Amino acid sequence: MINKAILIGNLGNDPEIKMLEGGTAVGRFSLATTEGYKDKNGEWQNQTEWHNVVVWRELAERAEKQLKKGSKVYVEG
């Protein structure tokens, strides 16, 4: 079985990076994805879903340097 997620959205906050005792970087940030659809009255509605993302090692260090609140990102995992 394969379990894979692909998210494209905007960061809700700047990534929070912490260093573990062994020197491993871990980063956390929230990601908002929005889906648009027409309701039963034919009017467009937007539904936003929030995702908590955790990145490790080099990805955490890159996130700290390159990502800021509001950045558009692609996450796959």
Could you pull the accessible area for E64 with a 1.4 Å probe, rounded to 10 Å²? 100 Å²
Based on Cβ point charges of +1 for Lys and Arg and -1 for Asp and Glu, what charge dipole magnitude is obtained for the chain about its Cα centre, in debye rounded to the nearest 20? 120 debye
Roll a 1.4 Å probe over the protein heavy atoms and report the accessible area of M19 in Å², nearest 10. 120 Å²
Listed by chain and number, the aspartates and glutamates with an alpha carbon less than 14 angstrom from that of K4, same-chain partners under 8 positions apart left out, are E76
Mean separation of Cα pairs under 8 Å and 6+ residues apart, divided by the residue count of the chain: what relative contact order is that in percent? 43 percent
From Cα coordinates alone, what are the radius of gyration and Dmax values for the chain in angstrom? 15.5, 56
1/(1 + (r/R0)^6) with r = Cβ-Cβ of Q47 and E21, R0 = 30 Å, i.e. FRET efficiency to nearest 0.05, evaluates to 0.15
Take S30 and N10, extend 7 Å from each Cα along the Cα→Cβ direction, and tell me the distance between the two endpoints in nm. 1.4 nm
For the pair K38/L59, report the inter-label distance in nm, with labels modelled 7 Å from Cα in the Cβ direction. 3.8 nm
Mind checking Rg over Rh on the range 1-45, alpha carbons, Kirkwood formula for Rh? 1.24
Of all accessible surface on the chain at a 1.4 Å probe, what whole percent is carbon and sulfur? 47 percent
If I fit a long axis through the Cα atoms of helix 57-66 and take the longest principal axis of the Cα atoms of the chain, what angle between them do I get, 0 to 90°, rounded to 10? 60 degrees
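The values are calculated or read from the model by the stated rules, or taken from the named source; none is laboratory data. Owing to the predicted nature of the structure, the values given are computational and were not obtained by experimental measurement. Note that we place each Cβ from the backbone using ideal geometry, even for glycine, and neighbour counts take in every protein chain shown. Surface accessibility is based on the protein's heavy atoms, side chains included, excluding ligands, DNA and RNA. Shrake-Rupley method; radii C 1.70, N 1.55, O 1.52, S 1.80 Å.
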